[in-house]
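Shown next, in structure tokens, is the structure this report addresses.
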Ligand SMILES: NC(=O)c1ccc[n+]([C@@H]2O[C@H](COP(=O)([O-])OP(=O)(O)OC[C@H]3O[C@@H](n4cnc5c(N)ncnc54)[C@H](OP(=O)(O)O)[C@@H]3O)[C@@H](O)[C@H]2O)c1
């Protein structure tokens with residue numbers, strides 16, 4: 001048997017880049033997907049030299065149906081699929097550009113559904129494989145000022161658990177990874193500040209990636225990386241929505257104030273990362 005093949009979306013930076021690194025470390029060849037070809041090529045070169053991994057660079061904007069179809073065509077051939085690419089829009093919903101909300105749903109939801117379908121069908125036929133979908137702790141309650149983002153992640157959270165049950169006994173592992181605050185480009189791309197979030201609440205992308213892949217190896221339905229995140233997540237799930245959505249609303253407004261003060265970013269705020 002050769003090295004297993006893993007396809008990772010959003011592999012150009014952040015959690016996806018670390019997922020690709022850990023998969024290469026654990027003996028996988030890779031298909032690296034994101035829009036930024038130069039970043040993917042640099043990672044492919046590094047992982048080839050350091051880990052002996054054969055890496056295919058597949059640049060694609062997954063919000064574009066034609067480019068998504070090209071990635072779907074590759075997803076049927078992989079042993080591991082990681083749906084990680086995602087972005088958030090931030091602000092009062094009525095003030096946001098609806099085209100950005102539309103792209104957010106296409107990337108965070110439609111691409112996940114189509115790639116999961118393409119991969120899962122082929123994996124069930126082979127009687128083996130693994131699918132890791134990246135949701136968020138934002139999935140666990142409504143998220144005012146991130147309304148569309150939280151809803152897309154609630155979709156991924158529910159959808160992935162359902163597929164986990166459907167594929168029980170087929171040899172295909174299906175896991176949803178729910179990170180909390182993780183140090184990546186995510187917040188800067190969404191134009192939100194990081195200062196109101198205390199440092200002890202942040203995780204590094206590497207530990208999040210390792211937790212997700214460890215959970216997939218054990219076919220866990222849900223992985224919440226970090227003890228604190230597990231406490232927060234489980235409290236959210238049992239707390240009445242009327243309370244959790246108010247708390248999230250207050251935190252989100254503080255992040256917006258911090259972003260407007262420009263106190264925690266070195267990039268200009270963008271409401272849509274695409
Ligand atoms: N960071 C956090 O605090 C946090 C918390 C919970 C959940 N998450 C989730 O974790 C996942 C990874 O986020 P991250 O924190 O690593 O964010 P990030 O650093 O901003 O990375 C996002 C990745 O998605 C790719 N991407 C964005 N738009 C794309 C598009 N249209 N087509 C293809 N690829 C696209 C980006 O690559 P290109 O720009 O090169 O396309 C990049 O590789 C996301 O699903 C996010 O919702 C993050």
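The values are calculated or read from the model by the stated rules, or taken from the named source; none is laboratory data. Keep in mind that this is a model prediction, so the values were computed, not measured. Using ideal geometry, Cβ is built from the backbone for each residue, glycine included, and neighbour counts are taken over all protein chains shown.
Looking across the stretch 128-150, the residues that are more than 9 Å from the ligand (Cβ to nearest atom) and farther than 19 Å from residue 162 by Cβ come down to 128, 141, 142, 143, 144, 145, 146, 147, 148. Screening 171, 215, 193, 226 for residues that are surrounded by 13 or more Cβ atoms within 10 Å (Cβ to Cβ), within 12 Å of the ligand (Cβ to nearest atom) and touching a residue at least 12 places away in the same chain (Cβ under 8 Å) leaves exactly one candidate, 226. Counting only helices (runs of 4 or more DSSP H) that sit completely within the stretch 134-235, those holding 1 or more residues that are modelled with pLDDT under 95 correspond to 186-190.
Does residue 188 qualify as being surrounded by 14 or more Cβ atoms within 10 Å (Cβ to Cβ) and in contact with a strand residue (DSSP E or B) (Cβ under 6 Å, 6 or more places away or on another chain)? So residue 188 fails the test.
Screening the stretch 1-23 for residues that are more than 16 Å from the ligand (Cβ to nearest atom) and without any contact (Cβ under 8 Å) to a residue 60 or more places away in the chain and picking the one that is farthest from residue 210 (Cα to Cα) gives 1. Among the residues of the stretch 1-22, those that are in a helix (DSSP H, G or I) and closer than 20 Å to residue 72 by Cβ comprise 16, 19, 20. The residue that is nearest to the ligand (Cβ to nearest atom), among those in the stretch 24-46 that are part of a helix (DSSP H, G or I) and under 15 Å from residue 213 (Cβ atoms), is 24. Pairing residues of the stretch 29-50 that are farther than 17 Å from residue 84 by Cα with residues that are assigned to a helix (DSSP H, G or I) and away from the ligand (no atom under 13 Å from the Cβ), at Cβ distances under 7 Å and at least 6 apart in sequence or on separate chains, gives 47/24. Among the residues of the stretch 53-107, those identified as in a strand (DSSP E or B) and over 18 Å from the mean Cα position of the chain (by Cα) are 55, 56, 57.
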